[in-house]
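Peer 1: Provided herewith is a single structure, encoded as C-alpha cells, for subsequent inquiry.
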C-alpha cells in the first residue's frame, strides 16, 4: 500500500481505495473458492472465478459505461449549477460546474437548466422557504427534480417519476448532500476540485444504477418487495434482533480493537505518539448492522457511505476476498452544528482530522472511525492508513470467524423470524384446512399454523447439525486458521507497503494471537480458536435445560446438540389470539439510528405469490404512512420553534400518531386459476409513531379479524429488550 | 389552502387577474412574470412544468387550451398535484361558466377580457376559502337529505316542466335538496359550480343569468333562473330563451310552491345537520362526509348531533377546525390510499377535446398503486380520530372525538354509513 508518497492538491482526497485510476491502492478480490476450513457445503452460487460479478465491477468502478444502452433513454441527471454567471452566455454552459451523465435523455434535462436556476432563485424570494422539488412532464413522462441550494450554487438531481416518488427524491438529495459533505468537507469543495470529478462520476453512476436498474444488477440492491423505496426515506441502518451469544463476542472484539491496547504497539514501546485514536467502530454482516460502537450521527455517516457505494449489497451477495478502504472524512457530528451535540461545559471536542477505515472480508464489513489530532499525533499532508490497524481490523473479523460468530449469524438469518411471522396464504380458506390437517399433532396443541409450517419449511436438520459450533470446532483446528491467515495476508499484501502479518514481523502481533494466549492462561481447555465456541456451546446446553420446550420432541433433539436459537423464537408471538396473524413488521428507532425488519430470506422462506404481494403492498403503504409521520414531526418542530407567518399554516390533521389501512385481496387480485375458489384475505397495515426528541416508528401488517392491539405490538417491537 | 392565484394569457403572458388571501400582500408583477416565464421556457423546450414544492408551499402551473395559464401558490406543501390541479380546474371552469369557452380561447381584446373576468371574482374567491361545502375537493355536489324528498321531488318536477325545461334543482342553504333527473346527469363539477354560483349571487328574490356549462355546453349559453322561495331556500332552472323571468316568477312560482311551504320549512330545520333527525349517529361523531361516487353527490356536516346531544358531548373541537380536519383527512386519503374519485373529470370531455382538454398534455401522476385495494383507513391525531371506509359507490369519512376508542371506529362508521344510505335516500 504505497500511498504516502502521493501529494495531493487537496488534503481530503486521500484516496478512495477502489478508485482504480489511483495507482494500485485497491485490492478488491473475489474469492473463487470457499475457504478450505469452511463447513463442507457448496456455496449457494458457484461463480466462474475469472469473471467478477456485475456488482463487483460496478462497485470498483471498473467500467462506468456498463448498462449505458439501458440508461441512455432514461432521463436522469445531476447538475451543480452556479447562479452567478452571466445569463447571456447560456450556450457556453459556463453555469454548469458539474453534470452527469451525458446521455441523450439527460442532455434534454441539461438544456432546460435555466428553468431550475430560475425556480431556485425566485421561489426562495417569493415564499421565503427553501425550494425542494419540482415535477415536469417530458415526453409524457413524469420527471421529479430535487434541489439543494446554498448561496449562489444549486445542486439539481432529476429522476423519472416511475422510479422514485417525490418524497424519496427529497431524501436522496439530502443524503447526497450529507454524503458529499462528509467526504469532501463541503458541497462547494466537492464540485470545485477538478480532481474529484472521476470520483463523483463513479458515485453518481452508482446512485443512478442502483435506483434505475437496481433489480437488474442484484436483488439486494433493489429487492422486488418495494422495501428499498421505504428505506430510502428512512435515515436508519437496517439491523436485526441479535441474540446475546452473537452480540457478546462481537462487542468484545470491537471493544478490543477500539481500546488499541496492543502490548508491543503501545506508545511507550516506540516512544512515538500514536497516529490515530479509534473513535469507534461498527460491524456489518451481510449488509446488516451487527454491532456498533459509534454515536448515531457517525454511524449514519458510515452507513451512507456504505449504502451509496453499494458496499452493503456487495458484502451481502458476494464473499469479499478483501476490501480495504481509507478515506478522510468530515463527520457530520463535528461539522454540522445542527447535528452535533451541545458540548458539555468546559469540554470541547478536539480539533483534528478524521479518517474512515473500512475493511471487508467475506460477508463482514467493518468500519472504524479514527481521529488524528486530539490525543493522537497531529496529521499533516496526505495521510496514509496505518497498516497495523488494517491488519488488526482484519484480525478481528478472522477472530469472529473462528469464534464461529459468522455461522451463528448465518443461523440467525436462516432461523425463523423473531417475532414469528405468518404467511398470507395460510389464511386463505382453502389452504387453511390443509395446513391444519398437515400440521403435526403436537403443533395442533398450540393450534397455530406457524408451528406446523415451520416444521415443514425448515427441512434441514442435518445441515444445521453440521453448522453447530462443535462440528466446526472439530473441523477447524486453530493452528490451521493461523496458517491460513498468514498465507492470505502474505499474498494479499504483496507489493503493498503493509508488513505481512506473519510471525516474523516485529510489530504485528495480531490480537488474535493475544486472545488465544489469554484464553489459554484462563485454563479452560486446550483447543485454541474453536474453544470459545465450545464453551459457549456448553453454556447454552446448560441454559437450555432451564427452559425446556414441552411441545416439540424435535426441539429436544436440537437442544441436545446445542441448537437453541430456533425454538426460542417460537415463543415470541406479537399478535394476540390463537393464530399468529402477523405478516410483516418494520421498526424504526431514530434515536439509535437503526431499523429492524425481517430479512428478505425470512420473507422468501415464508412466501407464496400472495404473500409477496402483501409484502409489496406493506412497503408501499409504509411509504405513505411514513410521509404522514414525517409531516407530524415537522409540525411538531415548527410548533416548538413557534414559526408563524402568512405563508405557513399547520396541517389541520396536526401531529398524527397512528394511521392504519385495511386492504382487501379479493378474487380480482388473483390469477384466473385460483379464482374458482374465491379466496379472500383482508389485512391491516398500521403505522404508529412515538413522538420523542428522536421519534420512533413501527409498522406492522397483520390479518384482519382479531382485535389486535397495535399499541401492544408496537411496544413489544420498540421497547421489548429481548423478543 | 390556496394563497395566491394568478391568471395570465398563455401567448403573451399578460396578467388577467390575481387573487390572494386577504391577509397577504400582493406579489409584484415581475415575480408573477417570472413564475409564468419559467413555465413558458419549459414549454418551449417540450418540458411541461407541473409543480414545485418548497418547504411550506407548493406551486402548480396549468395551461388551458393554449390560451389561459393559471398558477396557484398553496400554503400546504403536502397538497398533492392533483388536488391543486382540481382547484385550478374549478377556477377555469368558473370562468367558462360565466364567460364561455370561446371568449377564453380566442382572446380578441385583453382589456375587455380583464373587465369581463371581474364577474368571476366572487366565485373564485369563494373557491379559495374553505367553506362549509366540500364539493370543491370531492368533485361532487353538496346535498342534504330530507324526509320530504319525495314530496318535494314532485313539486320540483312539475315546476320545472311548466317552465319548459328538464333541468332544475332545489337548493337549501346552497346545497341540493332535490333535483330533476336531467340535473343529476350534469357532471359533479357543473352541479357544484352552479350551486356555488347561486350562493354568491347578490341577494334578491329572482335572478336570470346566462351560464355556459363547462362540460355540457361550453360555447352555447343557457339561462339560469334562480328564485328565492324562503330565506335560504332557492329553486334553480336551466332553460332556453323562453320563458321570461317575470313570466315564471309571476305565473308559476307561487302556484307550484305555495303548497310546499311546510315541507320546505322542515327542510330548512335540518339544513345544518344535513340529514333527518330520525337518523341518529353515535355521540362521538363530530363530523362526516359521505359520498356517492356514481351519482356525484356528497353530504358533509360538522353538526351530526341534535342540539341536546351535542350539549351532552361537552366541549370539543371548534366548528371551523372540524371542517379543516375533515377536508384535510379527505385529501390525505383520496388519491393516496383510496383511488382518486372517479368520474370527476368525465372521460367524454377528454375525448371530445373540449373541457379542459389536458389529458394528453399533462397526465395526472399515477396514484400510489397498491397491489390490493384499500377498503378502510384511519388516522389518530392529538385531539381527534378519523376513519374512512368505502362500500360500493359509497365512501364515508368520519371525524371522531378523541375519546372514542379505536376499536369502535370501524363499527360506528359502518353503522353510520348504512343508516344514511338505507331507503335510497342518498
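Peer 1: Listed residues B:327, B:410; which is in contact with a strand residue (DSSP E or B) (Cβ under 8 Å, 6 or more places away or on another chain), within 14 Å of chain A (Cβ to nearest Cβ) and at pLDDT 85 or above? Don't jump to the end; show me each part of the working.
Peer 2: On the way: B:327 fails: in contact with a strand residue (DSSP E or B) (Cβ under 8 Å, 6 or more places away or on another chain).
After applying the criteria, what remains is B:410.
Table: residues versus (1) farther than 27 Å from residue A:68 by Cβ; (2) modelled with pLDDT of 85 or more; (3) within 14 Å of chain B (Cβ to nearest Cβ).
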position: A:165; (1), (2), (3): no, yes, yes
position: A:191; (1), (2), (3): no, yes, no
position: A:199; (1), (2), (3): no, yes, no
position: A:202; (1), (2), (3): no, yes, no
position: A:220; (1), (2), (3): no, no, no
position: A:238; (1), (2), (3): yes, yes, no
position: A:247; (1), (2), (3): yes, no, no
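Peer 1: Look at residue A:307 and say whether it is part of a helix (DSSP H, G or I), out of contact with any strand residue (DSSP E or B) (no Cβ under 7 Å at 6 or more places or on another chain) and at pLDDT 85 or above.
Peer 2: Answer is yes for this residue.
Peer 1: Need at least 2 residues that are away from every other protein chain (no Cβ under 11 Å) per element, so show me which strands (runs of 3 or more DSSP E) inside segment B:1-100 make the cut, counting only ones lying wholly within it.
Peer 2: Values: elements: B:2-9, B:15-20, B:47-54, B:58-64, B:68-74.
Because the criterion is at least 2 residues that are away from every other protein chain (no Cβ under 11 Å), the strands (runs of 3 or more DSSP E) in segment B:1-100 that meet it are B:2-9, B:15-20, B:58-64, B:68-74.
Peer 1: Right, here's the next one. Scan segment A:100-109 and tell me whether some residue there is in a strand (DSSP E or B) and at negative phi. Full working, then the answer.
Peer 2: As a first pass, look at segment A:100-109 and keep what is in a strand (DSSP E or B): A:100.
Narrowing further to those that are at negative phi: A:100.
Checked segment A:100-109: at least one residue is in a strand (DSSP E or B) and at negative phi.
Peer 1: Another question, then. Applying the selection to segment A:132-163, what residues are at the interface with chain B (Cβ under 8 Å from one of its Cβ atoms) and more than 20 Å from residue A:232 (Cα to Cα)?
Peer 2: A:136, A:137, A:138, A:139, A:140 - these are the residues of segment A:132-163 that are at the interface with chain B (Cβ under 8 Å from one of its Cβ atoms) and more than 20 Å from residue A:232 (Cα to Cα).
Peer 1: Next question, about the same structure. Only residues in segment A:155-182 that are farther than 20 Å from residue A:119 by Cα count as the first member; pair them with residues that are part of a loop (DSSP other than H, G, I, E, B), Cβ under 6 angstrom, at least 6 apart or cross-chain, and list the lot.
Peer 2: A:182/A:330
Peer 1: Being within 10 Å of chain B (Cβ to nearest Cβ) and modelled with pLDDT under 65 is the filter; apply it to segment A:646-669 and report the residue that is nearest to the chain's Cα centre (by Cα).
Peer 2: A:669
Peer 1: Working carefully through the options A:140, A:150, A:132, A:163, find the one that is out of contact with any strand residue (DSSP E or B) (no Cβ under 7 Å at 6 or more places or on another chain) and crowded, with 17+ Cβ neighbours inside 10 Å.
Peer 2: Details: A:140 fails: crowded, with 17+ Cβ neighbours inside 10 Å; A:150 fails: crowded, with 17+ Cβ neighbours inside 10 Å; A:132 fails: out of contact with any strand residue (DSSP E or B) (no Cβ under 7 Å at 6 or more places or on another chain).
So the residue among A:140, A:150, A:132, A:163 that is out of contact with any strand residue (DSSP E or B) (no Cβ under 7 Å at 6 or more places or on another chain) and crowded, with 17+ Cβ neighbours inside 10 Å is A:163.
Peer 1: State the number of residues belonging to segment B:374-383 that are surrounded by 17 or more Cβ atoms within 10 Å (Cβ to Cβ) and out of contact with any strand residue (DSSP E or B) (no Cβ under 6 Å at 6 or more places or on another chain). Spell out how you get there, then give the answer.
Peer 2: Within segment B:374-383, the subset surrounded by 17 or more Cβ atoms within 10 Å (Cβ to Cβ) is B:374-381.
Next, only the ones that are out of contact with any strand residue (DSSP E or B) (no Cβ under 6 Å at 6 or more places or on another chain) stay: B:381.
The total comes to 1.
Peer 1: In segment A:90-111, which residues are free of Cβ contacts under 8 Å to residues at least 24 places away in the same chain and at the interface with chain B (Cβ under 8 Å from one of its Cβ atoms)?
Peer 2: Filtering segment A:90-111 for residues free of Cβ contacts under 8 Å to residues at least 24 places away in the same chain gives A:91-96, A:99, A:102, A:107, A:111.
Within segment A:90-111, just A:111 meets the criteria.
Peer 1: Find the strands (runs of 3 or more DSSP E) located wholly in segment A:124-181 whose residues include 3 or more that are over 29 Å from the mean Cα position of the chain (by Cα) and closer than 25 Å to residue A:97 by Cβ, and list them. I'd like the intermediate steps shown before the answer.
Peer 2: Values: elements: A:131-138, A:141-150, A:153-160.
Where strands (runs of 3 or more DSSP E) fall fully within segment A:124-181 and carry at least 3 residues being over 29 Å from the mean Cα position of the chain (by Cα) and closer than 25 Å to residue A:97 by Cβ, they are A:131-138.
Peer 1: Would you confirm whether or not segment B:390-400 contains a residue that is facing another protein chain (nearest Cβ under 7 Å) and at pLDDT below 90?
Peer 2: Residues of segment B:390-400 facing another protein chain (nearest Cβ under 7 Å): none.
The answer is no, given that none of the residues of segment B:390-400 is facing another protein chain (nearest Cβ under 7 Å) and at pLDDT below 90.
Peer 1: While we're on this one: Return the residues of segment A:112-131 that are facing another protein chain (nearest Cβ under 9 Å) and farther than 24 Å from residue B:75 by Cβ; say none if nothing qualifies.
Peer 2: Correct list: A:112, A:114.
Peer 1: Among the residues that make up segment B:18-35, is at least one of them in contact with a helix residue (DSSP H, G or I) (Cβ under 6 Å, 6 or more places away or on another chain) and surrounded by 23 or more Cβ atoms within 10 Å (Cβ to Cβ)?
Peer 2: We begin by selecting, within segment B:18-35, every residue in contact with a helix residue (DSSP H, G or I) (Cβ under 6 Å, 6 or more places away or on another chain); these are B:19, B:31, B:34.
Cutting the leftovers down to surrounded by 23 or more Cβ atoms within 10 Å (Cβ to Cβ) gives us none.
No, the conditions are met nowhere in segment B:18-35.
Peer 1: If you don't mind, there's one more thing I want to ask. What tally of residues in segment B:255-279 results from selecting those that are within 15 Å of residue B:425 (Cβ to Cβ) and in contact with a strand residue (DSSP E or B) (Cβ under 8 Å, 6 or more places away or on another chain)?
Peer 2: 4
The values are calculated or read from the model by the stated rules, or taken from the named source; none is laboratory data. Note that the structure is a prediction, hence the values are computed from the model and not measured. Note that we place each Cβ from the backbone using ideal geometry, even for glycine, and neighbour counts take in every protein chain shown.
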